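The next block holds one structure in the form of structure tokens; read it before the comments.
The values are calculated or read from the model by the stated rules, or taken from the named source; none is laboratory data. Every value quoted in this text rests on a predicted model; they were computed, and no experiment measured them. Here Cβ is always computed from backbone atoms with ideal geometry, including for glycine, and neighbour counts include all displayed protein chains. Just so you know, the surface numbers come from the protein's heavy atoms only, side chains and all, with ligands and any DNA or RNA stripped out. Shrake-Rupley method; radii C 1.70, N 1.55, O 1.52, S 1.80 Å.
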Amino acid sequence: SGNSADRLAGGIRDLVSGYYGVYPPDYGIDLIHTTITGNSAPTYGGVLISSFNDDNHFANTIIAGNSGDNCSSTFFDDQGGNFDDDGSCALPQVVPGADFDLALTDNGGPTRTHALLRGSVAVEAGVDCSLTTDQRGFPRSPDCDSGSVELGAAPVGGSIEGLAGIKVKCENEETLQSVLFDIGGSASWDCEAQGLLVSRGDRITQTITADADSAARGSVIGLIGRRAACRNQTTATASEVLMLSTNAWDCEAAGLTIAPGDRVVVVLRARVL
């Protein structure tokens, strides 16, 4: 994601000595459960395959949203579960760019990712679901999704910093079930680990009550369509954060003035991925 080239192959260029009729034995690339997007080049913004052997294998991979054709050729073994959005890869399945988040966001795990969106045609479209985790390390379903991120695999919860004496209430607005717990000095929480039952699409409200220390900010995971309402109960002031391209919320950046010791309430509302 986010790579560019001045002439050819913004994302991946597979160039071997095949131009001269000599191929290294068993040379090729395997793209398995991969998402290639947001790359650019005047030609072949996604993937340039210059080798003509049979050792290139694609499976459960999304190549879409690149500037320039997604693929240079069809010199690869289509093992199923693959999608592109311009037909240049000659794949039997086409995924609209709107079917996944074109922005790199914090969806949990060690890296930012392009998450599938609810209702995507790539959901449960994978074949040979032998990889048990996605890019973030979260578990894949036996009916796995195509692409690098498994929809709904992330735990529903969040993380926080700058607050102390933290209590969290997680409520599923669809089932009216709720759980209330104290995370003390912990930096993160998991609503499901606390006993909240969730399904894809459920609207979840997370209410955080704490005392301000140095700031009031954090992030949410496993959720989309995120809104945060911040209120300083000590000063009776409030602000609202709409999280579009990021999972992060920051009450002070949204205009709320907070001093150490102020009582702060943050209400997060979103839907389960």
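Since Ser245 meets every condition but one in (1) at pLDDT below 95; (2) surrounded by 15 or more Cβ atoms within 10 Å (Cβ to Cβ), which condition does it not meet?
Going through (1) at pLDDT below 95; (2) surrounded by 15 or more Cβ atoms within 10 Å (Cβ to Cβ) one by one, Ser245 breaks only (2).
Please determine, by comparing only the residues of segment 1-31 that are of a type in the set (A, V, I, L, M, F, W, C) and closer than 20 Å to Ser88 by Cβ, which one is modelled with the lowest pLDDT.
The initial filter retains those residues of segment 1-31 that are of a type in the set (A, V, I, L, M, F, W, C), namely 5, 8-9, 12, 15-16, 22, 29, 31.
In the following step, the residues that additionally are closer than 20 Å to Ser88 by Cβ were identified as 5, 8-9, 12, 15, 29, 31.
Details: Ala5: 94, Leu8: 86, Ala9: 88, Ile12: 90, Leu15: 66, Ile29: 82, Leu31: 90.
Result: Leu15.
Between a first residue in segment 249-273 that is without any contact (Cβ under 8 Å) to a residue 60 or more places away in the chain and hydroxyl-bearing (Ser, Thr, Tyr) and a second residue that is open to solvent by less than 20 Å² (accessible area, probe 1.4 Å) and not in a loop (DSSP other than H, G, I, E, B), which pairs have beta carbons less than 8 Å apart while being 6 or more apart in sequence or on different chains?
Sorted first by the residue in segment 249-273, then by its partner, the pairs are Thr257/Asn232.
Do we find a residue being over 23 Å from Gly109 (Cα atoms) and surrounded by 17 or more Cβ atoms within 10 Å (Cβ to Cβ) anywhere in segment 182-193? Lay out the reasoning, then the answer.
Going residue by residue through segment 182-193, those that are over 23 Å from Gly109 (Cα atoms) are 182.
Checking which are surrounded by 17 or more Cβ atoms within 10 Å (Cβ to Cβ) leaves us with none.
The answer is no, given that none of the residues of segment 182-193 is over 23 Å from Gly109 (Cα atoms) and surrounded by 17 or more Cβ atoms within 10 Å (Cβ to Cβ).
Matching residues to (1) modelled with pLDDT of 90 or more; (2) part of a loop (DSSP other than H, G, I, E, B):
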{"site": "Gly195", "(1), (2)": "yes, yes"}
{"site": "Gly201", "(1), (2)": "no, yes"}
{"site": "Val220", "(1), (2)": "no, no"}
{"site": "Arg226", "(1), (2)": "no, no"}
{"site": "Cys230", "(1), (2)": "yes, no"}
{"site": "Thr234", "(1), (2)": "yes, yes"}
{"site": "Val241", "(1), (2)": "no, no"}
{"site": "Leu256", "(1), (2)": "yes, yes"}
{"site": "Pro260", "(1), (2)": "yes, yes"}
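Out of the residues in segment 243-254 that are of a type in the set (A, V, I, L, M) and not in a strand (DSSP E or B), state the one that is nearest to Ala103 (Cα to Cα).
Kept after step one, since they are of a type in the set (A, V, I, L, M), are these residues of segment 243-254: 243-244, 248, 253-254.
Now restrict to residues that are not in a strand (DSSP E or B): 244, 253-254.
On the way: Leu244: 9, Ala253: 21, Ala254: 21 Å.
The extreme case among them is Leu244.
Can you run down the residue pairs with Cβ atoms below 6 Å, 6 or more apart or on separate chains, where the first is in segment 142-154 and polar (S, T, N, Q) and the partner is part of a loop (DSSP other than H, G, I, E, B)?
Ser146/Asn60; Ser146/Gly81; Ser146/Ala122; Ser146/Ala125; Ser146/Gly126; Ser148/His33; Ser148/Thr34; Ser148/Gln135
Can you tell me which residue within segment 146-181, out of those that are outside any strand (DSSP E or B) and charged (D, E, K, R), is most open to solvent (accessible area, probe 1.4 Å)?
At the first step, the residues of segment 146-181 found to be outside any strand (DSSP E or B) are 146-156, 173-177.
Restricting the remaining residues to those that are charged (D, E, K, R) gives 150, 173-174.
Details: Glu150: 5, Glu173: 63, Glu174: 101 Å².
Looking at residues that are outside any strand (DSSP E or B) and charged (D, E, K, R), I get Glu174.
Have a look at Val95, Val149 and point out the one that is touching a strand residue (DSSP E or B) at 6+ places or on another chain (Cβ under 7 Å), under 13 Å from Ile36 (Cα atoms) and at pLDDT below 90. Can you show your working first?
Values: Val149 fails: at pLDDT below 90.
Residue meeting the stated conditions: Val95.
Against the definition (charged (D, E, K, R), surrounded by fewer than 20 Cβ atoms within 10 Å (Cβ to Cβ) and out of contact with any Cys (no Cβ under 8 Å at 6 or more places or on another chain)), how does Arg118 come out, yes or no? I'd like the intermediate steps shown before the answer.
Numbers: charged (D, E, K, R): yes; surrounded by fewer than 20 Cβ atoms within 10 Å (Cβ to Cβ): yes; out of contact with any Cys (no Cβ under 8 Å at 6 or more places or on another chain): yes.
Yes, satisfied.
Does His57 satisfy the criteria of being farther than 21 Å from Gly2 by Cα, in contact with a Gly (Cβ under 8 Å, 6 or more places away or on another chain), at pLDDT 85 or above and open to solvent by less than 60 Å² (accessible area, probe 1.4 Å)? Let's see the steps before the verdict.
On the way: farther than 21 Å from Gly2 by Cα: yes; in contact with a Gly (Cβ under 8 Å, 6 or more places away or on another chain): yes; at pLDDT 85 or above: yes; open to solvent by less than 60 Å² (accessible area, probe 1.4 Å): yes.
For His57, the condition - farther than 21 Å from Gly2 by Cα, in contact with a Gly (Cβ under 8 Å, 6 or more places away or on another chain), at pLDDT 85 or above and open to solvent by less than 60 Å² (accessible area, probe 1.4 Å) - is met.
Might you check whether a residue that is at pLDDT below 90, of a type in the set (Asp, Glu) and under 15 Å from the mean Cα position of the chain (by Cα) occurs anywhere in segment 105-119?
Checking segment 105-119: at least one residue is at pLDDT below 90, of a type in the set (Asp, Glu) and under 15 Å from the mean Cα position of the chain (by Cα).
Kindly provide the set of residues from segment 125-141 that are open to solvent by 20 Å² or more (accessible area, probe 1.4 Å), farther than 16 Å from Gly80 by Cβ and assigned to a loop (DSSP other than H, G, I, E, B), ordered by number.
Thr132, Gln135, Gly137, Phe138, Ser141
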